[in-house]
Amino acid sequence: MKILVTGAAGFIGSHVMKALAIKGHTVVGIDNINDYYDVRLKYARLEQCGIDAQEANWESNIVSSTTLPDCKFIRMDIDDREKMNRLFQRYGFDKVVNLAAQAGVRYSISNPYSYMRSNLDGFLNILECCRHYEVKHLIFASSSSVYGMNTKVPFSEDDKTDTPVSLYAASKKSDELMAHCYSKLYGLQSTGLRYFTVYGPWGRPDMAPMLFAKAILSDEPVKVFNHGNMLRDFTYIDDIVEGTLRIILSDHVDTHTEVPYRIFNIGCSQPVKLTDFIAEMEQCLGKEARKEFLDMQPGDVYQTFADVSKLVEATGYSPKTRLHEGIVHFAEWYQGVYMPLMAQPEEPSVMI
């Protein structure tokens, strides 16, 4: 199959692109490589897929992987309507995996406009291209944040999701509604994946595991919000990728509904108390954290807990990585790969 992966320099996107290419599919990855966080990490992820960082730095340059057959990368923005149309016209994708988005719950509080450009305008371009170029299936990233102020656990796909507590969550819910509209109007098969607190090697620096590791190893205070009284359904990246690929490579369509549209939770279904997660980090890093207990931050929720029974029924999904094992892998990567990477000189400025 010919598959487009957007957000290919991102945490989940780079893993998904590599996994699809290893399975022998023709994969084109795109990413605008913005500076929301250090771009050295983004280029390093691409290099794990055999994409040369210097070549990838040029906008619109088509870079072939040196290690993965039929895998290419193009630096471009899903918000660019003209380039997106040319891309779809050239490659004739069978399936599209949209993992591009402006991420971060707290960042959306102080930078609201950046979310509209990528998460709404860019997603509309994806939908329009899928419609006009007869894409068979659109798979897109949603988020557990859409559950907002829900207090019933575990979170089910049938729960109401009309009480978001951040603009990021609202933008993700908007994506779900837009996709449903295109599925109803044009028969576009679309599947939204509500990811739950993904962690592991090559993660984002603004996410809790990276922040905790940095603080612990630098002997800085670890900020523990809501005084540690929070639960998160931490899900290891390998389980996230495995579940995502099961959806991408499946031809299953729900015949019980007239609209070819589905939503699935992807999580571990084993919520962990924040203080217990930090304790595991301390053990794996071999150093005790200096904890700074703080009140709940705007945009945060008390707990996340995924009901994954629908995904299990549809695909046989079964998360296998236990928390301790996942943190061991993360800690080894953080100290052995990420810290040396951040000690290197920054990448050259963007070349046009």
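The values are calculated or read from the model by the stated rules, or taken from the named source; none is laboratory data. Just so you know, these numbers come straight off a predicted model, no measurement behind them. Every residue, glycine among them, receives a Cβ derived from its backbone with ideal geometry; neighbour counts consider all protein chains shown. We work out accessible area using only protein heavy atoms, side chains counted, and drop any ligands, DNA or RNA first. Shrake-Rupley method; radii C 1.70, N 1.55, O 1.52, S 1.80 Å.
Structure above, values below:
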| item | result |
| --- | --- |
| Residue in the stretch 214-226 that is most open to solvent (accessible area, probe 1.4 Å), counting only those that are outside any strand (DSSP E or B) and under 18 Å from E282 (Cβ atoms) | K214 |
| Matching residues, the stretch 45-61, being within 22 Å of A19 (Cα to Cα) and open to solvent by less than 10 Å² (accessible area, probe 1.4 Å) | R45, L46, C49, G50, I51, A53, A56 |
| Test set (1) under 22 Å from M116 (Cα atoms); (2) at pLDDT 95 or above; (3) of a type in the set (S, T, Y); (4) open to solvent by 30 Å² or more (accessible area, probe 1.4 Å) - Y186 fails condition number | (1) |
| Selection count, the stretch 189-209, where residues are surrounded by fewer than 19 Cβ atoms within 10 Å (Cβ to Cβ) and over 22 Å from N98 (Cβ atoms) | 1 |
| Some residue of the stretch 102-112 being of a type in the set (S, T, N, Q), within 20 Å of the chain's Cα centre (by Cα) and open to solvent by 40 Å² or more (accessible area, probe 1.4 Å) | yes |
| Sole exception among (1) touching a residue at least 60 places away in the same chain (Cβ under 8 Å); (2) in a loop (DSSP other than H, G, I, E, B) for F73, by number | (2) |
| Which numbered condition N150 misses (of (1) of a type outside the set (A, V, I, L, M); (2) open to solvent by less than 50 Å² (accessible area, probe 1.4 Å); (3) within 20 Å of Y261 (Cβ to Cβ)) | (3) |
| Some residue of the stretch 62-72 being closer than 30 Å to L211 by Cα and either among the basic types (K, R) or open to solvent by 10 Å² or more (accessible area, probe 1.4 Å) (or both) | no |
| Breaking point among (1) of a type in the set (S, T, N, Q); (2) at pLDDT 95 or above; (3) part of a helix (DSSP H, G or I), for T275 | (2) |
| Sole exception among (1) touching a strand residue (DSSP E or B) at 6+ places or on another chain (Cβ under 9 Å); (2) within 17 Å of M17 (Cα to Cα) for F234, by number | (2) |
| Selected residue (criterion: modelled with the lowest pLDDT) from residues of the stretch 1-40 that are assigned to a loop (DSSP other than H, G, I, E, B) and over 16 Å from the mean Cα position of the chain (by Cα) | D35 |
| Filter result for K291 (in a helix (DSSP H, G or I), of a type in the set (D, E, K, R), out of contact with any Leu (no Cβ under 8 Å at 6 or more places or on another chain) and in contact (Cβ under 8 Å) with a residue 60 or more places away in the chain) | no |
| Evaluation of C129 against (1) more than 16 Å from L193 (Cβ to Cβ); (2) at pLDDT below 95; (3) surrounded by 17 or more Cβ atoms within 10 Å (Cβ to Cβ) (one fails), failing number | (2) |
| All positions within the stretch 312-349 that are among the β-branched types (V, I, T) and either touching a Leu at 6+ places or on another chain (Cβ under 9 Å) or not in a loop (DSSP other than H, G, I, E, B) (or both) | V312, T315, I327, V328, V337 |
| Meets criteria (within 27 Å of L245 (Cβ to Cβ) and open to solvent by 10 Å² or more (accessible area, probe 1.4 Å)) for P164 | no |
